[in-house]
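One structure is given below, encoded as structure tokens.
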Amino acid sequence: MRTFDLFNNRDFGKEWDNNTLHNLGIEANQITNIKYGVISALLMSASAVVLQLIHYNQAVMLSLLTVPFLAWAISSSIREHNRKSYGRKLDHFEGMLAGIATTVTSISLFAIYLTWYFTINPRENPFFSPLMSACAVSVAGTAVGIVISFIATEYQKEFN
């Protein structure tokens, strides 16, 4: 393997020619998890904006609205993993990992959004700091996501 020569700038442009997503270690399954996680986080953020626009400022509703979007994203991700398995049965561990990866992507992005939102609007959340709110949503969302991943994996194994 040839290394980059920093002082002579030898082959600087050619060293990155063969680096595709697959060569970098990012596989199609991981892209699927990221795709559904980002879509779910966008839907969660949009629902938070809609709640704010209709002046419904209940913090309980915000956490309850994450569950259907998260369940949709996890089940869609596991379904796509099952479809891409080319006829072999989806392994339980593989399905759980897909669901947890989708959960972590989705909940992390939503927690970043909540931190930003509560930093800009501190009167919306008088009880907790923005970072504490984001941590609470992260812990609760991850726990719910693990349960949903288990249920969705079992459903996909049995009925598909």
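The values are calculated or read from the model by the stated rules, or taken from the named source; none is laboratory data. Quick caveat: nothing in here was measured; it's all calculated off a predicted structure. Methodologically, a virtual Cβ is constructed for each residue, glycine included, from the backbone with ideal geometry; neighbour enumeration extends over all protein chains shown.
Summary of computed values
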{"item": "Some residue of segment 120-140 being touching a residue at least 40 places away in the same chain (Cβ under 8 Å), assigned to a helix (DSSP H, G or I) and closer than 23 Å to residue 31 by Cβ", "result": "no"}
{"item": "Residues of segment 60-82 that turn out to be of a type in the set (A, V, I, L, M), under 19 Å from residue 111 (Cβ atoms) and either at pLDDT 85 or above or crowded, with 16+ Cβ neighbours inside 10 Å (or both), as a count", "result": "7"}
{"item": "Boolean, residue 101 is within 17 Å of the chain's Cα centre (by Cα), buried (at least 18 other Cβ atoms within 10 Å of the Cβ) and of a type in the set (A, V, I, L, M, F, W, C)", "result": "yes"}
{"item": "Single residue of 90, 114 found to be buried (at least 19 other Cβ atoms within 10 Å of the Cβ) and not in a helix (DSSP H, G or I)", "result": "90"}
